[in-house]
1. Based on what the data block shows, is Ala179 touching a helix residue (DSSP H, G or I) at 6+ places or on another chain (Cβ under 6 Å) and under 29 Å from Tyr115 (Cβ atoms)?
2. Identify the residue in the range 90-107 that is closer than 16 Å to Thr58 by Cα and either open to solvent by less than 30 Å² (accessible area, probe 1.4 Å) or in a strand (DSSP E or B) (or both) and, among all such residues, is modelled with the highest pLDDT.
3. Scanning for something modelled with pLDDT of 90 or more, open to solvent by 40 Å² or more (accessible area, probe 1.4 Å), within 30 Å of Gly105 (Cα to Cα) and among the acidic types (Asp, Glu), does the range 218-228 turn up at least one residue?
4. Being within 22 Å of Gly222 (Cα to Cα) and in contact (Cβ under 8 Å) with a residue 12 or more places away in the chain, is that true of even one residue in the range 183-197?
5. Starting from the range 211-236, take each residue that is in a strand (DSSP E or B) and among the aromatic types (Phe, Trp, Tyr) and list its partners that are open to solvent by 30 Å² or more (accessible area, probe 1.4 Å) and modelled with pLDDT of 90 or more, counting only C-beta distances under 9 angstrom and pairs at least six apart or across chains.
6. Restricting the range 182-203 to residues that are open to solvent by less than 30 Å² (accessible area, probe 1.4 Å) and aliphatic (A, V, I, L, M), which is farthest from Leu116 (Cα to Cα)?
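The values are calculated or read from the model by the stated rules, or taken from the named source; none is laboratory data. Bear in mind that the values here come from a model prediction, so they are computed numbers and not experimental data. Cβ atoms come from the backbone with ideal geometry, glycine included; neighbour counts cover every protein chain shown. Surface accessibility is based on the protein's heavy atoms, side chains included, excluding ligands, DNA and RNA. Shrake-Rupley method; radii C 1.70, N 1.55, O 1.52, S 1.80 Å.
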Amino acid sequence: MRIVRTMLILLLIVGGLFVAADRLAVNYAEGKLADRARTARGGAEDAEVTINGFPFLTQLADRELESVDITLNGVTASGEGQTLQVNEFDVKARDITLNDSYSGGVAAKATGTAYLTYEALTEAAAEGVSIAYGGETAEGEPKVQVTGQVQVPFLGRTIEGTTTSALSVENGDTIKLYAESVPGQEIPGVEGFIRERIDYTRQINGLPPGVELTGIEATPDGVEVNFTGEQIDLAG
């Protein structure tokens, strides 16, 4: 009986040491991945990585990770000569096969959401144009509100007003904001001139190969852009 009890104690100790070693290893790997994510694609201000599944050491030996969650803050996206600040960038990568050097891997599938503030959207808009939450239509569809002052040289005056705009994504890499109506559109030649300044099209450069924007939605706190992809290279 004493031998059995001693063996059980030894097994508990060994098991505890294995768990401790496993957690130390996963914490180290998460830190390294966070550093890599911070410096890649957009130069994030902060990054947090969580490697899911247990035990980690077994996954590492097999060079296959169950899933990895990545959160980036302060990412700067670029497109059409403009920059767009992304408040938060959440990525969920699944079924990752690591390369031989363990310096990267390929995720069978990745999904995520980028969160944009209205302040960031305003900064990326034309001068004198501001963007805010516009509430919902009678059908419950969320809109954004666009307010602006546009100087029209051929009229010798400034036209100002507020309108609501619909959000959409196009071609898997472009965010589009299109006004339902334009202040002064009844004046010949004015609508096209003003739309060039208040309608909002931004192609997002630098998306990893295989990643596509799939949807966009306005909320009271900001705009959420969803994306997905398959066979995503996580090496940066």
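1. Yes; evaluated as a whole, the condition is true for this residue.
2. Asp95
3. yes
4. Yes - at least one qualifying residue is present in the range 183-197.
5. So the pair list comes out as Phe227/Thr111; Phe227/Val169; Phe227/Glu212; Phe227/Thr214.
6. Only one residue tops the list, namely Val190.
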